[in-house]
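The values are calculated or read from the model by the stated rules, or taken from the named source; none is laboratory data. Because the structure is predicted, anything quoted here is derived from the model rather than measured. Here Cβ is always computed from backbone atoms with ideal geometry, including for glycine, and neighbour counts include all displayed protein chains.
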Amino acid sequence: MRIVEWAERTAEALLSNVGTRLAHVRCAARRAGHAAPALPVQDRELLVAAALVHDIGYAPPLVNTGFHPLDGARWLRDQGADDRLVCLVAHHTGAAFEAERRGLSDQLKAYTREESATADALWYADLTSGPAGEATTFEERVNEILTRYEPGSVVHESVTAARPFLAAAVERTKERLAAYPR
């Protein structure tokens, strides 16, 4: 089975009863598919698969630390998933900022942080997908998160601190897409 098919089945099995998470990851996968042509051919399916499973750590049976990137990555590693996929999930969308505030940085460091066009494109896909599965802009998405989580909360503070880094990854992906001949 191809990695994208496996990721789609995994997301559906784990997230179908977790609010609108399944709709969000499916939108992220569509956005990843949009960004994929600007990546090396060998990374395109990996990107879409990562978009599909980036939030599986929210699934109740997988919750261990309460930090979804880490919980999802641990489960993926236990399933024997591709190590790059595991690490992309662990570090998606500025996870290091929140891990630090949760006291989980050492645990997150067990997963290699990839700095690449593929990692940027995953952040882009997540940050241009709304919570209910609608395409959105980076600014609208960040503002939605900051409204959903109250000031002083770990998520609010982490996103606020990470915002310039998140914006930079989104912009790098947009630049790669603009340079890609269609």
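Taking interchain pairs and intrachain pairs at least six residues apart, which have beta carbon atoms under 8 angstrom, with the first residue in region 55-67 and polar (S, T, N, Q) and the second assigned to a helix (DSSP H, G or I)?
If the second residue must be assigned to a helix (DSSP H, G or I), the pairs left are N64/L70; N64/D71; N64/R74; T65/D71; T65/R102; T65/Q107.
What about A51, is it modelled with pLDDT of 95 or more and surrounded by 20 or more Cβ atoms within 10 Å (Cβ to Cβ)?
Working: modelled with pLDDT of 95 or more: yes; surrounded by 20 or more Cβ atoms within 10 Å (Cβ to Cβ): yes.
Yes.
Check every one of the helices (runs of 4 or more DSSP H) wholly within region 97-182 and list those with 2 or more residues that are hydrophobic (A, V, I, L, M, F, W, C) and modelled with pLDDT of 95 or more.
Numbers: elements: 105-108, 117-127, 138-148, 154-179.
In region 97-182, the matching helices (runs of 4 or more DSSP H) lie at 117-127, 138-148, 154-179.
I need the full set of residues from region 58-74 which are out of contact with any Phe, Trp or Tyr (no Cβ under 7 Å at 6 or more places or on another chain) and either in a helix (DSSP H, G or I) or buried (at least 21 other Cβ atoms within 10 Å of the Cβ) (or both), in order please. Working first, answer last.
First, the residues of region 58-74 that are out of contact with any Phe, Trp or Tyr (no Cβ under 7 Å at 6 or more places or on another chain): 58-61, 63-67, 69-72, 74.
If the condition is that a residue be out of contact with any Phe, Trp or Tyr (no Cβ under 7 Å at 6 or more places or on another chain) and either in a helix (DSSP H, G or I) or buried (at least 21 other Cβ atoms within 10 Å of the Cβ) (or both), then Y58, A59, P60, P61, F67, P69, L70, D71, G72, R74 are the ones that fit.
For (1) surrounded by fewer than 14 Cβ atoms within 10 Å (Cβ to Cβ); (2) under 24 Å from V18 (Cβ atoms); (3) acidic (D, E), each residue gets a yes or a no:
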{"residue": "L104", "(1), (2), (3)": "no, yes, no"}
{"residue": "E114", "(1), (2), (3)": "no, no, yes"}
{"residue": "A117", "(1), (2), (3)": "no, no, no"}
{"residue": "D126", "(1), (2), (3)": "no, yes, yes"}
{"residue": "G152", "(1), (2), (3)": "yes, no, no"}
{"residue": "V170", "(1), (2), (3)": "no, no, no"}
{"residue": "E175", "(1), (2), (3)": "yes, no, yes"}
{"residue": "Y180", "(1), (2), (3)": "yes, no, no"}
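Matching residues to (1) of a type in the set (V, I, T); (2) farther than 14 Å from G94 by Cβ:
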{"residue": "T112", "(1), (2)": "yes, yes"}
{"residue": "T118", "(1), (2)": "yes, yes"}
{"residue": "A132", "(1), (2)": "no, yes"}
{"residue": "T136", "(1), (2)": "yes, yes"}
{"residue": "R141", "(1), (2)": "no, no"}
{"residue": "S153", "(1), (2)": "no, yes"}
{"residue": "F165", "(1), (2)": "no, no"}
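From the list E114, E150, pick out the single residue that is charged (D, E, K, R), in contact with a helix residue (DSSP H, G or I) (Cβ under 8 Å, 6 or more places away or on another chain) and within 19 Å of D55 (Cα to Cα).
Details: E150 fails: within 19 Å of D55 (Cα to Cα).
None of the other options fit; the residue is E114.
So which of R77, R26, R84 is over 15 Å from the mean Cα position of the chain (by Cα) and surrounded by fewer than 22 Cβ atoms within 10 Å (Cβ to Cβ)?
Values: R26 fails: over 15 Å from the mean Cα position of the chain (by Cα); R84 fails: over 15 Å from the mean Cα position of the chain (by Cα).
Just a single option satisfies the conditions, and that option is R77.
Give region 131-148 a look and list any residue that's within 16 Å of Y58 (Cβ to Cβ) and either surrounded by fewer than 16 Cβ atoms within 10 Å (Cβ to Cβ) or among the charged types (D, E, K, R) (or both), or say none. Steps first, please.
Just the residues of region 131-148 that are within 16 Å of Y58 (Cβ to Cβ), to begin with: 131-133, 145, 148.
Across region 131-148, the qualifying residues are A132, R148.
How many of the residues making up region 2-49 are part of a loop (DSSP other than H, G, I, E, B) and either in contact with a Leu (Cβ under 9 Å, 6 or more places away or on another chain) or more than 15 Å from A121 (Cβ to Cβ) (or both)?
Here is the first cut: in region 2-49, the residues part of a loop (DSSP other than H, G, I, E, B) are 2, 16-20, 39-40.
Filter once more, so that each one left must be either in contact with a Leu (Cβ under 9 Å, 6 or more places away or on another chain) or more than 15 Å from A121 (Cβ to Cβ) (or both): 2, 16-20, 39.
Counting residues in region 2-49 that are part of a loop (DSSP other than H, G, I, E, B) and either in contact with a Leu (Cβ under 9 Å, 6 or more places away or on another chain) or more than 15 Å from A121 (Cβ to Cβ) (or both) gives 7.
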